[in-house]
């Protein structure tokens, strides 16, 4: 029997795909590798649980020169991986995620859950 995680879909939410295209190549390579691994059920060594949310939500941090970039994605579903947000860290407080980015991530996590339920959730039998 084949592993269902090996055939996962990849869905970028909002501007995340365009944001990924603008990344420095080194960071783009790290983020791309992390997503490829998530698609087959593995976790990249730089992927850490996103501390502001439950299991299956990961954050990858990539550095380029003096800038730090972050990618947040959901890998909790066996059929799909959602890229939630890709952004350049602007917070002045250590590793803190800026409020605007936290709010956007929360909105997109809800959106991903809704998409999952609508497109991949179990279909109810009609009577």
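Quick look at the numbers
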{"item": "Selected residue [more than 16 Å from residue 82 (Cα to Cα) and at pLDDT 95 or above] from 13, 23, 35", "result": "23"}
{"item": "Filter result for the condition that a residue is under 14 Å from residue 88 (Cβ atoms) and surrounded by 15 or more Cβ atoms within 10 Å (Cβ to Cβ), over 64, 53", "result": "64"}
{"item": "Positions within segment 19-75 being in contact with a strand residue (DSSP E or B) (Cβ under 7 Å, 6 or more places away or on another chain) and part of a helix (DSSP H, G or I), in sequence order", "result": "19, 20, 26, 27, 30, 31, 34, 35, 38, 39"}
{"item": "Filtered residue count, segment 76-111, keeping only those that are under 17 Å from residue 39 (Cβ atoms) and either in a helix (DSSP H, G or I) or touching a helix residue (DSSP H, G or I) at 6+ places or on another chain (Cβ under 8 Å) (or both)", "result": "9"}
{"item": "Extreme residue, modelled with the lowest pLDDT, among residues of segment 1-10 that are in a loop (DSSP other than H, G, I, E, B) and out of contact with any strand residue (DSSP E or B) (no Cβ under 6 Å at 6 or more places or on another chain)", "result": "1"}
{"item": "Unique match (being exposed (fewer than 15 other Cβ atoms within 10 Å of the Cβ) and over 22 Å from residue 7 (Cα atoms)) among 89, 22, 78", "result": "22"}
{"item": "Residue in segment 33-42 that is in contact with a helix residue (DSSP H, G or I) (Cβ under 8 Å, 6 or more places away or on another chain) and under 14 Å from residue 12 (Cβ atoms) present", "result": "yes"}
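The values are calculated or read from the model by the stated rules, or taken from the named source; none is laboratory data. These numbers come from a predicted model, not from an experiment. FYI the Cβ positions are ideal-geometry reconstructions off the backbone, even for glycines, and counts take in every protein chain you see.
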